[in-house]
Amino acid sequence: MSPGFIQRNQRIIITLPLIIILFGFLAVISLFTYQRIPIRSQIQQEAQQEVTFVAELIKSAYLNKNYTAAADILQTWANANSSVVAAVLDTANGYRLVEYRRKQASQYTFPIRHIITHHNNVLFTIEAEKDITVLEDKFARTSSTLIIGVVIFLTAFGGILFYAMRRVAILPMEKAMRQQKLESDSKTRKLSRAVEQTDDAVVITNPEGYIEYVNPAFERMTGYSKKEAIGEKMSILRSGQHDHIFYKTLWTTILSGYPFSEVFINRKKTGELYYEEKTITPLKSDFGDIINFVSTGKDISDRMLVQEKLRYMATHDFLTGLLNRVTLKERLSYAIHRAARSEKKVAVMLLDLDKFKIVNDTLGHTIGDELIISVAERLSASLRQEDIIARLGGDEFTVIMEGFGRIEDVNDTANKILSAVSKPFTVDGNEIFIAASIGMSIYPDDDIDADILLKNADIAMYRAKSAGGGNYQYFTPDMTENALKRLKIHNSLQNALENREFVVYYQPKIDLFKGNVSGMEALIRWQNPDLGLVSPDHFINILEESGRIIEVGEWVMGQACRFLKTVEDQKLPLLRVSINLSARQFRDRHLLNRIQNCIDETGISPKNLELEITESLLVENIDEVADILNAIHNMGIRIDIDDFGTGYSSMNYLKRFPIDALKIDRLFIRDIPEDKDDALIVEAILAMAESLGIDIVAEGVETEEQYNFLKARVCHEAQGFLFGKPMPENEFLEWYRNALKDLQGQAKFPKASS
Amino acid sequence: MHRPYNSFQTCLLLLCFLFQGTVIAAPSGPLRFGVHPYLSVDEINRRFMPLVEYLTRELGTEVKLQVSKDYESHITLTGSNSLDIAYLGPSSYVSVVKQYGKKPILGRLEITGKPFFFGYIITHKNSPIQSLHDLPGRRFAFTSSGSTMGYRVPKYMLQQAGIKLEQLGEQRFLGNHENVALGVLVGDFDAGAVKEEIFLRYQNRGLRMLGRSEPISEHVFVCSTKLKQQEIQRIKRALYALKDIPGGLQILQSIKSTVTNIVPGTDRDYNSLRKIMN
């Protein structure tokens, strides 16, 4: 509340009652003035009536020829009415019968004229003058009384109004202003005390930047005493950590009259650097000139360190110290920008460890983590300084390469990484063999967008995985289609079992020595309404990942056992049925129970049951695996090693497990007997198996040459299209019956039905 | 110049009368002084009391004022000598003499210097009527049929001019002289008859004289024929002296403001009126 405001209000408070008084006054006067007109006219009317009455009397006397009486009547009336100052009676012929005039002077009179007629003849005329001085005096007296009354009333009213308004409006304002002044005095003292005692460093400089005041907090923060600081420029704190643009921005801002807030890196008197969160505010005079700058700031060095740490954690992988996914994307974008300018290429490599899950699951996460760290170290060692390496999570790594001359350089690097990873790792006493799959995409050949490049590299990586791992693949456009199909399969698999989309096919196994049908392999098939018949290569690993392989596997086992029972019931020669067991199923704690349940439910003989496992299962946690295998074996169930030759193919460990047979992978069979290398390998396997007392089963036998080759080299069993493709139950039964007939007809071996 | 002499003479005479009265006069009961009722009794008493007291003092005999019941009885009382002194109007005097014979005249009133007056026939000053001969067919206003000046005198004057009342267009009695004057002035009447006093009062306000009667003697004081000659002479002397004695004029004017003296009169002075009344 300013004094001007109060004065303004005071003026209003004084003026308002005055205006009200004036208006009231004028209203009364005008009312009175208008009031006297009707009063006057009423008086005139009454006088006229009176004269008319007198005139009637006069007329009557006159008509009786009593002229004196007529004159007397008027005379008497005039005498009796003190207000009549003059009365004249003129006859028709102009004779003035009466002329009366009162002596007293009269200020206000009004005339009355009355003409008396008789039978339309004018008899005489009365003219009188009535004195209304009394009335006017009365009016004047009344009005002056009224006016005085009104003035007194309105003055009193105005006074009360003024008092009330002053009491209500002005006094509280004045009180508030006094209060404000008191407060502002004490506020000044408080403010200076606050500045002295605050924990923030406060510096006041003149417009040129020379220090005029520093508070104790400033002394504590910088180490400069008041004496040392005053008169110096703020530049005594400069650390040289900010460029000239920083200071230019600062001065431009504050000289324009705006505050500048920033984190400064300043130097203490001791030379130590510190972070100061500082605001410099220009103080202006009433005319808008800058008269001072005030700097307030606090040392936030501790906070900055924490922030640095947080930023590091936000941008780096906590386990390996490599960049994380977020930072990688950022870096990739930068790399793409740089490459776009220099018209160069960028390679994106996505690396995923093969079978890392097994390590994690069997050896535990601690060892898994240790392995990841070791992998990261080897990766870093295999790369150039300028290459970017990041861990995306789990066992996934990404490498970004820039500035390479030829694409062969990228291939070299990929090979280098693969070989580095494939060397055995020793973690906590365990020797671990792993491999890696690498998918690669190239900017700008595959795409120009960072996300799409990463996705494409991912797709290529899956291709590398499906190619058996331990290799690298470049992204090609057709891969996208596969990736989409894979996704669709993944989704459709969710309800496949419930929808009875799975079917079990059976492929016959032939005893090469006896030339008869020795068994059948149960193979799962997936008949999806949308996707059609889907190959197990495309969905088994997905079931494996989701864990549903356990229930699907159990279902397959149940089906196979039931079918075996069917064969038995039809009085056909009994067969062995072999069932594939995935890694996940194998690690299932309830595996033995499930098998036992299955046997009990169908009532088949365990001797007719055969489980096929892959050799990769055997490398993990050997003792435990051995225990499980022994247990299975003790139940009377045979154990086969599937896909032999594609993995470690180390014969030594086979001795430690109760293995009944090895199934040579079709890759080795495909090109025999033409391919000498493959032929040698097969011969070596057969020789070794014989020495170990293990049966050999050849897979993928399709020609008679293969058959002959294998039979000549003492291979025990074979399966393949030469004998019969995988078939549904009924078809298999029919084929089986035919085969039995053929064999009776001296056929060399049971053949696939045409 | 002759005023001091008059005063001396008056004093001498007064002393002489006083001496005589106390010595010679033999009181013979109070003297009755009668007045006709031309005004209210109170008014008459007021007007005549100064004179009555004066006479009582002068004559050494008590004079008693009495107002007659009416004009007729006044004439009878005067004629039968029931009144010692009587004040009479001119026509009443003529009636008394006619009925009861002559009575000794003590004196006549002199009004503004003359003991006689005239009767007037008047018209409006703007009227086309120029003489009494123009009056036939005109509206004429009289006072009342009993009035001397308001009726008998104008009737006589009209007869003298050869006009009969029947010849008038309209004749009407307006009650009093003033009313007649006003009736003519306001134009209701073409002419009218008024006594001199009224004519003079209204003359300037628009009246014109058409005709004037012969002089008619003024009001008269008579006495009983039974009074002794000596006594009559003493009364006469007292009356005639009024004009000259101190306070005398006030006594005279008390009767009527215009009275200036009381002068001697004879029966012949009323012959003109006697002629009219017959």
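The values are calculated or read from the model by the stated rules, or taken from the named source; none is laboratory data. All values derive from a computational prediction rather than experimental measurement. Every residue, glycine as well, gets a Cβ built from its backbone with ideal geometry; the counts of neighbours run over all protein chains shown. Heavy atoms of the whole protein, side chains included, go into the accessibility calculation; ligands, DNA and RNA do not. Shrake-Rupley method; radii C 1.70, N 1.55, O 1.52, S 1.80 Å.
Points worth noting:
- For the peptide B:184-193, the mean number of other protein chain Cβ atoms found within 10 angstrom of a residue's Cβ is 4.
- Backbone amide hydrogens, once placed in the peptide plane, bring B:PHE173 within less than 5 Å of B:PHE142, excluding anything fewer than 5 places away on its chain.
- Backbone HN-Hα couplings from phi across segment A:85-99 [Karplus 6.51/-1.76/1.60, Hz, Gly and Pro as x]: 9, 8, 8, 10, 10, 10, 8, 4, 8, x, 6, 8, 6, 9, 9
- In this calculation the C-beta distance from A:ASP289 to A:HIS242 is compared with R0 = 22 Å, giving a FRET efficiency of 0.20.
- In order along segment A:175-188, the phi-based Karplus estimate (6.51 cos²θ - 1.76 cosθ + 1.60, θ = phi - 60°) of 3J(HN,Hα) comes to 5, 4, 5, 4, 4, 4, 5, 4, 5, 5, 4, 6, 5, 4 Hz; Gly and Pro are listed as x.
- Spacing of the modelled spin labels on A:ASN541 and A:ASP671, each 7 Å from Cα toward Cβ, amounts to 2.3 nm.
- Gyration tensor (alpha-carbon) shape descriptor, segment A:275-404, a/c threshold 1.5: oblate
- Residues of type aspartates and glutamates that A:LYS488 reaches as a straight line, Cα spacing below 12 Å, ignoring anything fewer than 8 places off in the same chain: A:ASP530
- Per-residue 3J(HN,Hα) values for segment A:53-62, derived from phi via the Karplus relation 6.51 cos²θ - 1.76 cosθ + 1.60 with θ = phi - 60°, read 4, 4, 4, 4, 4, 4, 4, 4, 5, 4 Hz in sequence order (x marks Gly and Pro).
- Nearest-ten-degree value, helix A:244-255 long axis tilted from longest Cα axis of chain A: 20 degrees
- Efficiency of FRET between A:LEU487 and A:GLU551 - r from beta-carbon atoms, R0 30 angstrom, step 0.05: 0.85
- Restricting segment A:318-380 to GluC sites (Glu not before Pro) in coil, as DSSP defines it, with at most 16 other Cβ within 10 Å: A:GLU343
- Those lysines that a straight Cα-Cα span of less than 16 Å connects to A:LYS355, excepting residues fewer than 8 apart in one chain: A:LYS423, A:LYS465
- Portion, in percent, of the accessible area of the protein assembly as shown that falls on carbon or sulfur, probe 1.4 Å: 53 percent
- Calculated from the alpha-carbon coordinates, segment A:122-189 shows an Rg and a Dmax of 29.8, 107 Å respectively.
- Between the beta carbons of A:ASP199 and A:ALA467, assuming R0 = 51 Å, the FRET efficiency works out to 0.20 to the nearest 0.05.
- Under the convention that each Lys and Arg Cβ holds +1 and each Asp and Glu Cβ holds -1, the size of the dipole of segment B:119-213 around its Cα centre is about 120 debye.
- Placed amide H near A:TYR506: partners under 5 Å, 5+ positions off or other chain: A:LEU523, A:MET727
- Spin-label model distance (nm) - A:THR281 vs A:ASN206, 7 Å beyond Cα toward Cβ: 2.3 nm
- Percentage relative contact order, chain A, counting C-alpha pairs under 8 Å, at least six apart: 6 percent
- Relative contact order for segment B:119-213: 48 percent, from Cα pairs under 8 Å spaced at least 6 residues apart, divided by residue count.
- Annotation for A:GLU601 and A:HIS365: the two label points, set 7 Å from Cα along the Cα-Cβ direction, are 3.4 nm apart.
- Helix-only [θ]222 nm of chain A, DSSP H runs n ≥ 4, -39500 (n - 2.57) each, per residue, nearest 500: -16500 deg cm²/dmol
- Shape call, segment B:119-213: gyration tensor on alpha carbons, a/c limit 1.5: rounded
- Between A:ILE639 and A:LEU611, A:ASP660, A:ALA661, the built amide H atoms are under 5 Å apart, and every one of these is 5 or more places off in sequence or on another chain.
- At full extension, A:THR426 and A:THR270 could sit 51.2 nm farther apart than now, given 0.36 nm per residue minus the alpha carbon distance.
- Alpha-carbon centroids, segment A:423-466 and segment B:224-258: separation in whole Å: 183 Å
- Cα centroid separation - segment A:582-602 against segment A:355-420, whole Å: 37 Å
- For the pair A:ALA314 and A:ILE147, the difference between a 0.36 nm per residue extended length and the Cα-Cα distance amounts to 51.0 nm.
- Gyration tensor (alpha-carbon) shape descriptor, segment B:39-90, a/c threshold 1.5: oblate
- Virtual paramagnetic centre 7 Å along Cα→Cβ of B:ASP134, amide N under 16 Å, in segment B:195-223: B:206-212
- Listed residue pairs exceeding 24 Å between alpha carbons, taken from A:LYS571/A:LYS607; B:LYS195/B:LYS226; B:LYS69/B:LYS228: B:LYS195/B:LYS226; B:LYS69/B:LYS228
- With the cut-off at under 16 Å, measuring from each backbone N in segment A:56-88 to a point 7 Å along the Cα-to-Cβ line of A:VAL122 picks out A:88.
- Of the GluC sites (Glu not before Pro) found in segment A:190-257, those that fall in a DSSP loop while having at most 11 other beta-carbon atoms within 10 Å are A:GLU208.
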